[in-house]
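This structure is in structure tokens; I'll ask about it shortly.
Computed from the coordinates by the stated procedures, all read-outs in this text should not be read as laboratory data. Since the model is a prediction, treat every value here as computed from it, not as a measurement. A quick note on method: Cβ atoms are made from the backbone with ideal geometry, for glycine too, and the neighbour counts reach across all protein chains shown.
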Amino acid sequence: MLSEVDVIVAGGGPGGLAAAEAAARGGATVAIFEKNSEIGSPTRTSGGSFIRDMEELGIPAHLYHAVKICRFVSPNRTARFEYDEPIACGMDVRRTYQFLAQRAILAGAHVFPATSVLDLSMDSGRTTGAKIKNFRGKEMDVRSRIVIDATGYRAGLLRQAGVMNGHQRFGVGAEYDLYAPNYNEEEVVLIVGSVVAPSGYAWALPYGNHRVRLGVGVIHADTSANPEDYLNRLVENAERFGMDLRGAQPVEYHTGLIPSDGLCDRFVGNGIMGVGDSAGQPSALLGEGIRWAIWAGKMAGEVAAEAIQAGDCSADFLARYEKRWKAKHGPNLRVASEINRRIARWSDERWDRGTETLSRLTPYQFGQALKTELLGGWAFQALWSNPGLLKTGAREILRRVGL
Ligand SMILES: Cc1cc2nc3c(=O)[nH]c(=O)nc-3n(C[C@H](O)[C@H](O)[C@H](O)COP(=O)(O)OP(=O)(O)OC[C@H]3O[C@@H](n4cnc5c(N)ncnc54)[C@H](O)[C@@H]3O)c2cc1C
């Protein structure tokens, strides 16, 4: 076990693995600690993502399954979008995360599974490393100049450093990973409405070889509903939603939380940086954070390596990462969060009207919206060709996020 490194990464999810790779590539010595005994397991995510990002992030195509059709279903309406060239995909989560771990190792990072980060070590407000506990239960101090909190929704280290106060609003999900031999593998289905998922949505996402993730997510504390209760009801009513689950059986069961209160105001401090869920970087629109965590990890790792080289790990230096992230993604993430807060309160009747509006979008426009590309030229094009969208609240959303 290393007793001193330049950068400690706490958490071996997509954000932490990408941060470790980037920091090591930049010349820093890096240790990444993951409390579970396997990278990518147990799975706490559905693995839905977008092909363009997977390509840009260098994730090999055999690790994800492209879907050609997206069906959006509200209580009495359906909007269906078909893509000649697929844009969305379902990934093999475990193998993708292990691929990211291999890349971090190749870059020179040291990966320690079954090792928890217990606490930050601090001296006069500056992070000096972390206390860890290995798989034998042995506790030890590891010194570092930077700690990256990639521990997910709890954000324990960012909180301990006083950078933020913790997340308050969460998407809570329950999901079966099914072997479903008759499910249409070309189609992802998103379902909304009070009977299926109060304040949230349900999904069916194929990821290849007849495996389908079927789940329900709700927002706490917007509702106190338990997604597990709704999940079995969804399985029983699958046919009603056009999903063929004849012969399907669960192979895995997943539960998880995702922060849904939007991007944190601050996610760096003296010698500490947050990436992914800990920093509130997922898109709150769909509760989608894997590619965002990887992008953030990459950006944070690069700045961490620059800071080590410059011999300056102060909050001022590390704020380069915060500024870069906010400049690139802040506006879209703020709009996504604002939209999510509004639609979480929609009635069934309002969802039907919303779905009717969606059905007027082209597949391309719908795809851009799903991807949280909410402020590009397409949005204005969509508003121009469908002025009715302004009545749905788009004008108010843009006003509230200062645009
Ligand atoms: C039900 C559900 C479905 C979802 N579906 C999708 C989807 O389809 N597509 C999508 O893009 N996103 C989805 N998300 C969100 C996505 O999973 C997260 O945004 C993403 O995993 C964030 O990555 P991360 O690296 O920040 O955190 P995580 O993936 O949460 O990784 C954090 C890691 O840190 C480890 N850890 C925690 N504490 C410690 C500690 N003290 N010491 C050491 N290790 C620690 C954890 O074990 C974990 O491995 C979903 C989330 C949920 C809950």
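Rounded to two decimals, what is the ratio between the C-alpha radius of gyration of the range 31-80 and 2.2 N^0.38 Å?
1.67
May I pose another question? Exposure proxy check: 117, 163 ranked by fewest other beta carbons within 10 Å?
In increasing order of surrounding Cβ atoms, one gets 163, 117.
Just to check I understand the Karplus step: with θ = phi - 60° and J = 6.51 cos²θ - 1.76 cosθ + 1.60, what whole-Hz values come out for the range 289-296, glycine and proline as x?
x, 5, 5, 5, 5, 5, 4, 5
Roughly how many nanometres apart are two label points built 7 Å out from the Cα toward the Cβ at residue 326 and residue 123?
Rounded to a tenth, the inter-label distance reads 3.0 nm.
Any idea what Rg and Dmax come out to for the range 242-360 if you just take the C-alpha atoms, in Å?
For the range 242-360, the Cα radius of gyration and maximum Cα-Cα distance read 19.0, 61 Å.
What translational diffusion coefficient, to the nearest whole µm²/s, does the range 1-53 have by Stokes-Einstein, given a Kirkwood radius computed over alpha-carbon pairs, a temperature of 25 °C and 0.890 mPa s viscosity?
The calculation lands on 196 µm²/s.
If you don't mind, there's one more thing I want to ask. Can you give me the relative contact order of the chain as a percent, contacts being Cα pairs under 8 Å and 6 or more apart?
Details: 937 pairs, mean separation 82.1, N = 403.
Rounded, it is 20 percent for the chain.
Extension gain residue 106-residue 362, at 0.36 nm per residue separation less the Cα-Cα distance, in nm?
Value of the extension gain: 87.9 nm.
State, to one decimal in nm, how far the label point of residue 316 lies from the label point of residue 131, with both points 7 Å from Cα in the Cβ direction.
If labels sit at residue 316 and residue 131, their model points lie 3.2 nm apart.
Could I ask something else about it? If neighbour count is taken as other Cβ atoms inside 10 Å, put 35, 328 in order from fewest to most.
Going from sparsest to densest Cβ surroundings: 328, 35.
Give me the Kirkwood hydrodynamic radius of the range 56-110 in Å, from all C-alpha pairs, to one decimal place?
Every distinct Cα pair counted, the radius reaches 13.7 Å.
Computed over the Cα atoms of the range 308-360, what is the convex hull's projected area averaged over all directions, in nm²?
Computed as one quarter of the Cα hull surface, the answer is 5.8 nm².
Could you pull the Rg and Dmax for the range 1-94, using just the Cα atoms, both in Å?
Rg, Dmax (Cα atoms, Å): 18.0, 60.
Would you compute the Debye intensity of the chain from its alpha-carbon atoms alone, equal scatterers and no solvent, and pass along log10 I(q)/I(0) at q = 0.09, 0.11 Å⁻¹ to two decimals?
The calculated log intensity ratios at q = 0.09, 0.11 Å⁻¹ are -0.53, -0.79.
Can you find, among 31, 251, 209, the residue sitting farthest towards the positive end of the charge dipole of the chain, where Lys and Arg contribute +1 and Asp and Glu -1 at Cβ?
Value computed over the given set: 31.
Expressed as a whole number of Å, what is the distance separating the alpha-carbon centroids of the range 249-325 and the range 99-140?
Cα centroid of the range 99-140 versus Cα centroid of the range 249-325: 17 Å apart.
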